[in-house]
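> Sending over a structure as structure tokens; questions will come in a sec.
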Amino acid sequence: MKSYPLIRICWYAINCLLIVSFVAVLYGIGWEYSTRIFLRGFSDAIIPTSDSPEQKAESILAWIAEGPARRSTSNLATLSQRDPEDTLNFQQLLRVCGTATNAFVNLSESAGLRSRRLLLLDQNQKSKHVVAEVYVGDRWIVVDPAYHTVFRRSDGRLVTQSDLRSPQVFQEATRVIPNYPQSYTYESTVHVRLGRIPIIGRHLRGFLNAIWPSWEESINWTLLVERESFSMLMVSCVFLCFAVALRFLFAWYCSSRLGIPRDRMRDQIMRVSHALAGSPNNIV
């Protein structure tokens, strides 16, 4: 391969990509592990392990509403809206629907609850409010972390997003919440807002719905979009797989199509080990 400088440059570039992606995976594992330990400490302190899923959800909402004093800052731009260490510790973030939902979802997942965020869209398909869903029994019931509420009908029954599409049920569930905006209706909801992706975002949902109609319900995408450490880990794993596949494909192309011999990794390791061990004939 030494006689082919362009091939050597590409080979070294691919190896650099492989190394960087591998280091990124290790960093993502460490970050996600530390985040899980942090969240487990929070959840163990505020959520009784013997409670039912509904009671656990209410415990988290009560902590968001009435928990101990949190830190305050005059510059929200310095805080991350997807990092639990910020959303759980700064009072300004717990007053915003998106970051309050982030805090709720992270704590509930740490406590063993199945939860996910739910975006309410306006007529222009822009997000007007963010709530959460928790799997209780065999249904996804709706909670509003910003208003510290588990939605119920007048007879106490828990409601789902499909229930809340009914104006009558919506009125029953929200009339006990002081100053709850009546514009936060459920005619249009999504779990992942693909419209934020540049260029392809507005067409991507239609494409995915055509080839995989249940893609949004089949996978819980919430942690991927709501936890920075988990996003980092998943993206770095994708890049690592891409780098490994690219390395094998490039090696195959060079040897099979171009006829360029290359030193295999195991041959290089064998030569290095022989050099380090030395030959018996050279021992004095």
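The values are calculated or read from the model by the stated rules, or taken from the named source; none is laboratory data. Here the structure is a predicted model, which is why all the values come from computation and not from measurement. Cβ: placed from backbone, ideal geometry, glycine included. Neighbour counts: every protein chain shown. Please note that ligands, DNA and RNA were not included when accessible areas were found on the heavy atoms of the full protein model with its side chains. Shrake-Rupley method; radii C 1.70, N 1.55, O 1.52, S 1.80 Å.
> Kindly list, by first and then second residue, each pair from a residue in the range 223-243 that is within 25 Å of L113 (Cβ to Cβ) and small (G, A, S) to a residue that is open to solvent by less than 20 Å² (accessible area, probe 1.4 Å) and in a helix (DSSP H, G or I), limited to pairs with Cβ atoms under 8 Å and residues at least 6 apart or on different chains.
S229/G28; S229/E32; S229/T35
> Mind listing whichever residues of the range 121-179 are among the acidic types (D, E) and either more than 25 Å from E109 (Cβ to Cβ) or crowded, with 20+ Cβ neighbours inside 10 Å (or both)?
Filtering the range 121-179 down to residues among the acidic types (D, E) leaves 122, 133, 138, 144, 155, 163, 172.
Correct list: D122, E133, D144, D155, D163, E172.
> Name the single residue, out of those in the range 204-219 being in contact with a helix residue (DSSP H, G or I) (Cβ under 9 Å, 6 or more places away or on another chain) and not charged (D, E, K, R), that is most open to solvent (accessible area, probe 1.4 Å). Spell out how you get there, then give the answer.
Here is the first cut: in the range 204-219, the ones in contact with a helix residue (DSSP H, G or I) (Cβ under 9 Å, 6 or more places away or on another chain) are 204-205, 208-209, 212, 215-216.
Then keep just the ones that are not charged (D, E, K, R); that gives 204, 208-209, 212, 215.
Working: L204: 43, L208: 40, N209: 68, W212: 104, W215: 8 Å².
Result: W212.
> Just checking, how many residues over the range 21-45 are under 21 Å from C237 (Cα atoms) and either of a type in the set (D, E, K, R) or in contact (Cβ under 8 Å) with a residue 24 or more places away in the chain (or both)?
The total comes to 12.
> So which residues in the range 109-136 are among the polar types (S, T, N, Q), more than 12 Å from E226 (Cβ to Cβ) and part of a strand (DSSP E or B)?
Passing the criteria: only S127.
> Given Q171, Q161, which one is over 23 Å from W215 (Cβ atoms) and not β-branched (V, I, T)?
Sole residue among the options that is over 23 Å from W215 (Cβ atoms) and not β-branched (V, I, T): Q171.
> Go through the range 220-266 and count every residue that is open to solvent by 70 Å² or more (accessible area, probe 1.4 Å), in a loop (DSSP other than H, G, I, E, B) and either closer than 28 Å to L26 by Cα or at pLDDT 90 or above (or both).
Total satisfying the criteria: 4.
> Now for a separate question. Can you pull out the residues in the range 14-28 that are under 21 Å from the mean Cα position of the chain (by Cα), of a type in the set (V, I, T) and surrounded by fewer than 17 Cβ atoms within 10 Å (Cβ to Cβ)?
Restricting attention to the range 14-28, the residues satisfying the condition of being under 21 Å from the mean Cα position of the chain (by Cα) are 21-28.
Cutting the leftovers down to of a type in the set (V, I, T) gives us 23, 25.
Residue satisfying the conditions is V23 alone.
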